[in-house]
Amino acid sequence: MSNSADPRKGPDKGSARGRFRPVRLLTVGVFALAGLIFFTSFNTAKGTNIRTDASLLKLSDLIQERSKKNKELEEGNSGVRGDVERLAERDDGSTKAQDKKLDGLEEASGTQKLKGEAISVTLDDAPPNATAKLPGYPDPQPNDLVIHQQDLQAVVNALWHGGAKGIKVMDQRLISTSAVRCVGNTLILQGRVYSPPYTITAVGDPEKLKNAVAASPQIQNYMLYVNAYGLGWKVEDDGTVTLPGYSGTVDLHYAKPVE
């Protein structure tokens, strides 16, 4: 007699149980894992929207935070510098001639406050829906409607050329190592970030300063965009103003090759 099972009797029940047990265990494992994931997600979120919270970490927020921090550091540095200057006023054995020379160097370096007659120049982006205001001009491209680095630099250069004794861009005094840089439509000046409109204030002879601005070829080119597309431009007499002294670091920083 053959030892093979009789096919008419159907499958062996013991064999069937042995064959389907892994499937049931796998199903139970899947549900257990899903429950663990739901519990972990709930415990982590604690009722908050995880995706929304993560989206708040924007680069612009980081830039504004760093800009605020840089401003606080500058104010702290200015306070420390004031303390140093007060200590330096004590008798240190220097002569009047040496003191006078030091005062002249400090004034020239821009680290001291400067009071005098001044003018201000304000530049601003054009309205976002601006169109050509003069016949013969094409419809503007996005770059035609925003202030560029060369526009700000042209105003600063013209004011220096007009005999400015000191210049302030927004709320910061310029010194010999100051660099006016624009990234997109924002100004980055000495570690801080500004948005338009941009105001540049210069102390000096108002008429000479205004004549130098009007005679600048770069500014004359900018005025074409002012008239054609509505870029912002305003020159004003400010009367007597006091420019703040530069309060940032005067150390030079430069790149070094990787060893």
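Just so it is clear, none of the values below were taken in a lab; they were calculated from the coordinates. Note that the structure is a prediction, hence the values are computed from the model and not measured.
Annotations for the structure displayed:
- The stretch 146-239 shape via C-alpha gyration tensor axes, a/c threshold 1.5: oblate
- Computed extension length for residue 221-residue 97: 39.9 nm, one decimal, from 0.36 nm per residue of separation with the Cα-Cα distance subtracted.
- Here the relative contact order of the stretch 102-218, from alpha carbon pairs under 8 Å that lie six or more residues apart, stands at 37 percent.
- Using only Cα coordinates, the Kirkwood hydrodynamic radius of the stretch 184-226 works out to 12.6 Å.
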